[in-house]
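Peer 1: First the structure, then my questions, so here it is.
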Amino acid sequence: MRGKLTVGNWKMNGGLTANSALFSALRTGWKAPKGREMGLCVPFPYLAQAREALSGSAIGWGAQDVSAHAAGAYTGEVSAGMLVEFGCRYVLVGHSERRQFHGEADADVGAKAAAALAAGIVPLVCMGETLAERDAGQTLAVVGRQFDAAAAVLGVQLARIVVAYEPVWAIGTGRTASPSEAQAVHGFLRQQLVAAGAAEVKVLYGGSVKAANAAELFAMPDIDGGLVGGASLDAKEFLAIAAA
Ligand code: PGA
């Protein structure tokens, strides 16, 4: 059984005081029901605070990006080894905002996922099509290309990742993929994973997940939880999603 995983992506949000309240509300409110896991991907400067607030709880934490390099002259970058020192369990790689605003290509995403795995961190490898690509009927071709690029770099390590399918047109727009639209892509990704010998990899859905739509999305056979942006900043909402 794959179980469900719900990970919050805070994006570039937070502040020491607000984080403290959110961490403590989640820590108190999360009863870790059987087969359910929760994680939070916070901005780099808050990793120490996450470790302090969440150590010994059932909630894992992590970052939103990682360098493909181990060390050296890469100004502004953060290595997987550094994330390990702050207790990270997860790291997002290839989020569409990184691909869009920071020029990350499929090859970069694969290299970052490999760097995370080599350090013992689970990469949440994000993939998804834009609205133009969906309208052009290219959804599966785009997601398949993104998947293949990661699989080619990772080889047998593919079995240790988490996949996050996030249609770009559903991120932060309030427009969620319907459960059947999402399931169609998740089912396709499941087939690719099975063919690659990685059938047990979780495939999370992301894009305007809320407490009001989480249960019907997570009821789909190949949706193994959520990657949640905006709604992860509200403890009550996020707890309800993670328990859905
Ligand atoms: P959203 O973001 O839940 O605010 O749509 C999801 C994401 O970008 O991971």
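Nothing in this text is a laboratory measurement; each read-out follows from the coordinates by a stated rule. The model shown is predicted, which means the values in this text are computed figures rather than measured ones. Note that each Cβ is placed from the backbone with ideal geometry, even for glycine, and that neighbours are counted across all protein chains shown.
Peer 1: Out of the residues in segment 214-231 that are within 22 Å of R2 (Cα to Cα) and not hydrophobic (A, V, I, L, M, F, W, C), which is nearest to the ligand (Cβ to nearest atom)? Spell out the reasoning first.
Peer 2: Residues of segment 214-231 within 22 Å of R2 (Cα to Cα): 214-228.
Next, only the ones that are not hydrophobic (A, V, I, L, M, F, W, C) stay: 216, 221-222, 224-226.
On the way: E216: 16, P221: 22, D222: 18, D224: 15, G225: 12, G226: 8 Å.
Step by step, filter segment 214-231, then rank; the result is G226.
Peer 1: Ok, one more. What is the residue count in segment 99-130 for residues that are closer than 16 Å to A184 by Cα and either of a type in the set (A, V, I, L, M, F, W, C) or part of a helix (DSSP H, G or I) (or both)?
Peer 2: Of the residues in segment 99-130, 1 are closer than 16 Å to A184 by Cα and either of a type in the set (A, V, I, L, M, F, W, C) or part of a helix (DSSP H, G or I) (or both).
Peer 1: Can I ask one more? Kindly check whether there is at least one residue in segment 75-98 that is closer than 22 Å to K236 by Cβ and of a type in the set (V, I, T). Please lay out each step first, then the result.
Peer 2: As a first pass, look at segment 75-98 and keep what is closer than 22 Å to K236 by Cβ: none.
No.
Peer 1: Looking at segment 141-150 only, could you name the residues that are crowded, with 16+ Cβ neighbours inside 10 Å and either more than 17 Å from the chain's Cα centre (by Cα) or within 16 Å of the ligand (Cβ to nearest atom) (or both)?
Peer 2: The answer is V142, V143, G144, Q146, A149.
Peer 1: Would you mind telling me which numbered condition in (1) touching a helix residue (DSSP H, G or I) at 6+ places or on another chain (Cβ under 9 Å); (2) within 26 Å of E77 (Cβ to Cβ) A164 fails?
Peer 2: Every listed condition holds for A164 apart from (1).
Peer 1: Quick one: which of A25, A68, A21, A73 is surrounded by 14 or more Cβ atoms within 10 Å (Cβ to Cβ), aliphatic (A, V, I, L, M), more than 26 Å from D224 (Cα to Cα) and more than 16 Å from the ligand (Cβ to nearest atom)? Reasoning before the result, please.
Peer 2: On the way: A25 fails: more than 26 Å from D224 (Cα to Cα); A21 fails: surrounded by 14 or more Cβ atoms within 10 Å (Cβ to Cβ); A73 fails: surrounded by 14 or more Cβ atoms within 10 Å (Cβ to Cβ).
Unique residue meeting the criteria: A68.
Peer 1: Now for a separate question. Considering each of R134, R160 in turn, give the residue that is among the basic types (K, R), under 26 Å from A198 (Cβ atoms) and in contact with a Phe, Trp or Tyr (Cβ under 8 Å, 6 or more places away or on another chain). Quick ask: steps written out before the conclusion?
Peer 2: Details: R160 fails: in contact with a Phe, Trp or Tyr (Cβ under 8 Å, 6 or more places away or on another chain).
R134 is the lone residue from the list that is among the basic types (K, R), under 26 Å from A198 (Cβ atoms) and in contact with a Phe, Trp or Tyr (Cβ under 8 Å, 6 or more places away or on another chain).
Peer 1: Follow-up. For the structure I just gave you, tell me whether V142 is in a helix (DSSP H, G or I) and touching a residue at least 12 places away in the same chain (Cβ under 8 Å).
Peer 2: Details: in a helix (DSSP H, G or I): yes; touching a residue at least 12 places away in the same chain (Cβ under 8 Å): yes.
Yes, satisfied.
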